[in-house]
Structures are given as C-alpha cells and as structure tokens.
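Asks: I'd like to ask you about the structure that follows.
The values are calculated or read from the model by the stated rules, or taken from the named source; none is laboratory data. Since this is a predicted model, take the numbers as computed values, not measurements. Glycine also receives a Cβ, built like all others from the backbone with ideal geometry; neighbour counts cover every protein chain displayed.
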Amino acid sequence: MTSLLPRACATEHDTEELGIEMGQHAKAGDVIALYGGLGAGKTCLVHGVAAGMQVLEDERVASPTYALVHEYMTHSGLILCHMDLYRIESMEGIEALGLEDLLGAHDRVCVIEWAERCEKLLPKNTQRIVIETRSDGSRVFKELYHS
Ligand SMILES: Nc1ncnc2c1ncn2[C@@H]1O[C@H](COP(=O)(O)OP(=O)(O)OP(=O)(O)O)[C@@H](O)[C@H]1O
Ligand SMILES: [Mg+2]
C-alpha cells in the first residue's frame, strides 16, 4: 500500500481510482485511518476502496450520516468496515460502538473517517493517510508516520 502514496489527485475520479488501487491491495486485518477536514475526499476514497474490494451489495457505500459503522461483504469474503466518526463526541460514544473489537478483528478491512477521534484505539499496524487540499482544489494523499 505504501507504494501507492504519496498521490496527487486532481479530480474526484482520481481519488476514487486511488481508492480502487488501495482496495485491490487490502488484506485481512488492515486498518486505514483517514485524516482530512470536511469535504477533503475521505468518503470518495472509500467508494473506491469498496469498488477495489468488489463489495457484493448493489448499493454503493453511502456517506454514513445516521449509522456510524457500515459493513459490506466482498467478493473474496473479506468484510469492508467503513466507519465515520464525525458525529462521535466522546470516548464513551466510541466505546459504545464497540470500535475496539471491530478494529482488532482479523476478518475485515477497516477504513475510518475522522480517525483522530479514536486515535487511542488504533492498532499498531494502522496505515494513516492525510489528505491535503491544494489551492487549485486538487488533493494530495500522503502517508503519515506515527511516532
Ligand atoms: N481529488 C479531488 N479533487 C477535487 N475534488 C474532489 C477530489 N476528491 C474528492 N473531491 C470532491 O470533494 C467533495 C467532498 O468529498 P467527500 O464527501 O469524499 O469528503 P469527506 O472528506 O468524506 O467529507 P466529510 O468530512 O464531510 O465526510 C466531493 O464533492 C468530491 O467530488
Ligand atoms: Mg465523508
């Protein structure tokens, strides 16, 4: 996955294409933490990951407005778990979601929007990706190395 980043994405299509490549490389137990403000392109990237992992449901991964955790079965039997923590306000809320168990599960790939809200629960192998928006509107996806 590291070889895919950094990546400059001029359009939504490029962002989705990066997600597809990430989804094709994804392995059981992977945790991908996304960092980037409102409208950075996190959900767009997850749409690509879902396509790259060949999710079986007809419906595309929707921005989870009400449900914070969406799970999808994929062609290979791996589960894609998409979490959006934007609406989470407290650590108690995160605990109530059972996030710790989901993140430690080895039968799935977890992709987390607003991952800074569950920083303490992220496992050691987490891949952290920062999304920067340039003045021309394009996005740059970079790997963030955690010390
Ligand atoms: N590389 C890109 N260049 C320009 N626009 C992009 C790019 N990638 C995504 N976008 C656009 O950015 C907008 C926001 O995308 P998206 O919903 O994925 O953001 P988000 O980070 O999930 O936001 P939120 O924090 O609200 O969940 C969309 O309209 C999308 O078309
Ligand atoms: Mg989003």
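Asks: So L103 ticks every box in (1) under 13 Å from the mean Cα position of the chain (by Cα); (2) modelled with pLDDT under 90; (3) not acidic (D, E) but one. Which box is left unticked?
Replies: Checking L103 against (1) under 13 Å from the mean Cα position of the chain (by Cα); (2) modelled with pLDDT under 90; (3) not acidic (D, E), the one that fails is (2).
Asks: So, one more: Filter the range 27-51 down to the residues that are away from ligand 2 (no atom under 12 Å from the Cβ) and of a type in the set (A, V, I, L, M), then identify the one that is surrounded by the fewest Cβ atoms within 10 Å (Cβ to Cβ).
Replies: That would be A28.
Asks: Testing V111 on (1) of a type outside the set (F, W, Y); (2) exposed (fewer than 15 other Cβ atoms within 10 Å of the Cβ); (3) within 13 Å of ligand 1 (Cβ to nearest atom); (4) at pLDDT 95 or above, one condition comes back false. Which one is that?
Replies: Unmet for V111, out of (1) of a type outside the set (F, W, Y); (2) exposed (fewer than 15 other Cβ atoms within 10 Å of the Cβ); (3) within 13 Å of ligand 1 (Cβ to nearest atom); (4) at pLDDT 95 or above: (2).
Asks: Are any residues in the range 2-21 within 17 Å of H82 (Cβ to Cβ) and more than 16 Å from ligand 2 (Cβ to nearest atom), and if so, which ones?
Replies: Across the range 2-21, the qualifying residue is only I20.
Asks: Another question, then. Could you list, in sequence order, all residues of the range 8-53 that are part of a loop (DSSP other than H, G, I, E, B) and either near ligand 1 (Cβ under 10 Å from one of its atoms) or of a type in the set (K, R) (or both)?
Replies: Residues satisfying the conditions are A10, T11, K27, G36, G37, L38, G39, A40, G41.
Asks: Just to verify a result, which residue in the range 78-89, among those that are surrounded by fewer than 18 Cβ atoms within 10 Å (Cβ to Cβ) and at pLDDT below 90, is nearest to ligand 1 (Cβ to nearest atom)?
Replies: Top of the filtered list is R87.
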